[in-house]
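The values are calculated or read from the model by the stated rules, or taken from the named source; none is laboratory data. Keep in mind that this is a model prediction, so the values were computed, not measured. FYI the Cβ positions are ideal-geometry reconstructions off the backbone, even for glycines, and counts take in every protein chain you see.
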Amino acid sequence: MKIAMIGTGYVGLVSGVCFSDFGHDVVCVDKDPNKIAQLEQGIVPIYEPGLDDLMAKNVSAGRLSFSTDLQAAVDGADAIFIAVGTPTRRGDGHADLTYVMAAAIEIADALTGYAVIVTKSTVPVGTNRQVQKVITEANPEADFDIASNPEFLREGAAIDDFMRPDRVVVGVESARAIEVMGAIYRPLSLREFSIMYTGLESAEMIKYAANAFLAMKITFINEIASLCERTGADVKMVSKGMGLDNRIGSKFLHAGPGYGGSCFPKDTQALARMGQDHAVPMQLTETVIKVNDEVKRRMVDKVVDICGGSVNGKTIAVLGVTFKPNTDDMRDAPSLTIVPQLVGNGAKVRVVDPQGKHEGEALLPGVSWLDDVYQAAQDADALVILTEWNEFRALDLKRMAERMSTPVMADLRNIYSPKDAENAGFSAYVSIGRAGYG
Ligand code: NAD
């Protein structure tokens with residue numbers, strides 16, 4: 001199969017590289033010439049474990065290339081995937097479809113023979129039909145079908161998720177398009193997986209419903225964590241006890257500083273907006289959004305409390321600012337709410353993050369960036385763990401505490417225990433949904 005992938009962000013690049021690894025001929029297109037120049041030199045512009053090796057392998061096999069020339073990539077392609085961004089539209093919470101529609105019009109102009117135009121971007125219900133209309137209006141001669149193929153990969157584990165998906169959802173309306181989509185994903189059927197064909201609207205809705213449900217699960221345990229703090233229960237035990245029930249499952253049940261990232265915040269907002277537009281308020285989702293904002297705000301209070309009621313003039317070492325480990329993505333990370341408030345309240349913030357600096361420098365003005373956690377702890381007044389990178393999971397806590405002016409810790413990912421902190425000499429320790437001390 002010949003595939004054009006429009007958009008080489010986290011989803012487009014991973015999908016394009018993986019499709020080429022299946023044996024398909026893939027051209028990845030982006031309108032950002034800097035990204036394409038980097039990719040042509042073998043440089044992966046994002047941090048995603050394993051992506052550089054897989055990309056190099058398929059480029060040298062001659063199956064994968066990069067271009068800014070959408071027209072050439074679309075010419076003769078069996079399938080054209082739209083994997084551009086759908087951020088929150090400023091002001092109203094809707095998904096911004098500007099990039100999707102712009103790509104659709106460019107594709108319409110470039111189509112030469114029959115192709116399936118596949119939306120991989122997360123788009124509100126009804127968008128694929130709109131794409132179909134826009135293409136037909138722009139090029140009435142165009143011979144094409146539409147497919148909705150939402151992506152479920154997680155950043156940080158994207159290749160594995162793409163290669164070993166729980167399911168592939170394809171919204172499609174013609175037998176011809178089913179044949180093309182089936183051929184594209186056929187290499188996966190050697191493994192245990194299921195491809196689910198459905199209508200366009202159902203495919204679009206599955207993506208939003210799945211993301212909103214996961215965001216709700218995280219928010220549920222975060223709310224339970226707050227009650228644990230007041231009642232003496234330990235949220236880690238509660239979450240384990242709940243998760244052992246197969247009907248509930250243990251995933252997305254870890255209490256923390258609130259969900260963030262490039263998907264949950266914008267997708268929950270877009271779903272809420274969709275509900276309002278159709279006069280079917282998504283009350284659970286709306287509440288999830290509200291509670292998550294409160295959770296993030298409460299994190300600032302925890303840090304202020306452990307610093308004795310004020311962070312003014314205090315030096316705070318923050319470990320981790322990306323929205324989760326194994327990614328450089330900073331979009332809607334909890335750190336973007338928490339760190340600016342600490343800086344605004346007069347704290348001197350030092351940040352250590354294995355991959356966050358490149359994106360984070362512009363987003364977190366007024367902080368200093370260090371490479372070494374022990375250097376960050378030197379003469380610090382507080383230690384705050386915001387992202388559970390592996391390199392922060394086995395710190396020599398005694399060494400950390402000894403270097404600090406005031407050895408206090410806010411462990412907002414529950415990676416240590418109060419006992420660990422106490423034994424290491426921390427005078428105060430606070431975490432999420434568990435008793436602290438100090
Ligand atoms: P991204 O912002 O990282 O990448 C989008 C890319 O598209 C950019 O490089 C941009 O330059 C390019 N682009 C925009 N318009 C273009 C055009 N007309 N022609 C060529 N290139 C164009 O976005 P992302 O994180 O990869 O997300 C893409 C979509 O996938 C979104 O709808 C998102 O909701 C969805 N999604 C993302 C994830 C994730 O983990 N990031 C997971 C599942 C689904």
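Against the conditions (1) loosely packed, with under 15 Cβ neighbours inside 10 Å; (2) in a loop (DSSP other than H, G, I, E, B), residue 233 satisfies every one except (1).
Could you please find all residues in the stretch 343-366 being of a type in the set (A, V, I, L, M) and closer than 13 Å to residue 320 by Cα?
Selection gives 349, 351, 352, 364.
Test residue 76 against the criterion of being assigned to a loop (DSSP other than H, G, I, E, B) and surrounded by fewer than 16 Cβ atoms within 10 Å (Cβ to Cβ), and give yes or no. For residue 76, the condition - assigned to a loop (DSSP other than H, G, I, E, B) and surrounded by fewer than 16 Cβ atoms within 10 Å (Cβ to Cβ) - is met.
Total residues in the stretch 413-437 satisfying the condition of being within 10 Å of residue 397 (Cα to Cα) and of a type in the set (Phe, Trp, Tyr): the figure is 2. All of 146, 117 fail the test of being over 16 Å from residue 199 (Cβ atoms) and assigned to a strand (DSSP E or B), apart from 117.
Which of the residues spanning the stretch 1-46 are acidic (Asp, Glu) and away from the ligand (no atom under 14 Å from the Cβ)? Break it down stepwise before answering.
Filtering the stretch 1-46 down to residues acidic (Asp, Glu) leaves 21, 25, 30, 32, 40.
Within the stretch 1-46, 21, 25, 40 qualify.
With respect to the stated conditions, residue 54 is in contact (Cβ under 8 Å) with a residue 40 or more places away in the chain and either basic (Lys, Arg) or surrounded by 18 or more Cβ atoms within 10 Å (Cβ to Cβ) (or both). Contact annotation: residue pairs with Cβ atoms under 9 Å, 6 or more positions apart or on different chains, pairing a residue in the stretch 1-29 that is assigned to a loop (DSSP other than H, G, I, E, B) with a partner that is within 11 Å of the ligand (Cβ to nearest atom) and acidic (Asp, Glu), are 7/30; 8/30; 8/32; 9/30.
The set of residues from the stretch 48-81 being among the acidic types (Asp, Glu) and within 11 Å of the ligand (Cβ to nearest atom) comprises 48, 69. Among the residues of the stretch 374-388, just one is under 25 Å from the mean Cα position of the chain (by Cα) and either among the basic types (Lys, Arg) or surrounded by fewer than 23 Cβ atoms within 10 Å (Cβ to Cβ) (or both), namely 388. Hey, any hits in the stretch 132-144 for a residue that's touching an Asp or Glu at 6+ places or on another chain (Cβ under 6 Å) and within 15 Å of the ligand (Cβ to nearest atom)? No - not one qualifying residue is present in the stretch 132-144.
Quick check: anything in the stretch 350-357 out of contact with any Asp or Glu (no Cβ under 9 Å at 6 or more places or on another chain) and either over 30 Å from residue 44 (Cα atoms) or basic (Lys, Arg) (or both)? Within the stretch 350-357, one or more residues are out of contact with any Asp or Glu (no Cβ under 9 Å at 6 or more places or on another chain) and either over 30 Å from residue 44 (Cα atoms) or basic (Lys, Arg) (or both).
Would you mind stating whether residue 308 is in contact with a strand residue (DSSP E or B) (Cβ under 9 Å, 6 or more places away or on another chain), of a type outside the set (A, V, I, L, M) and either assigned to a loop (DSSP other than H, G, I, E, B) or away from the ligand (no atom under 16 Å from the Cβ) (or both)? Judged against the criteria, residue 308 is a match.
Can you find a residue in the stretch 247-255 that is farther than 28 Å from residue 10 by Cβ and away from the ligand (no atom under 16 Å from the Cβ)? Checked against the condition, which is being farther than 28 Å from residue 10 by Cβ and away from the ligand (no atom under 16 Å from the Cβ), the stretch 247-255 yields at least one hit. Criterion applied to 168, 84 was being of a type outside the set (S, T, N, Q), within 25 Å of residue 46 (Cα to Cα) and within 12 Å of the ligand (Cβ to nearest atom), and the one residue passing it is 84.
For residue 226, indicate whether it is polar (S, T, N, Q) and crowded, with 16+ Cβ neighbours inside 10 Å.
Here the answer is yes, as residue 226 does meet what is asked.
The sole residue among 326, 312, 345 that is modelled with pLDDT of 95 or more, in contact with a Gly (Cβ under 6 Å, 6 or more places away or on another chain), surrounded by fewer than 17 Cβ atoms within 10 Å (Cβ to Cβ) and among the polar types (S, T, N, Q) is 312. Here the stretch 376-412 is the region considered, the condition is being part of a loop (DSSP other than H, G, I, E, B) and of a type in the set (S, T, N, Q), and the residue that is nearest to residue 260 (Cα to Cα) is 387.
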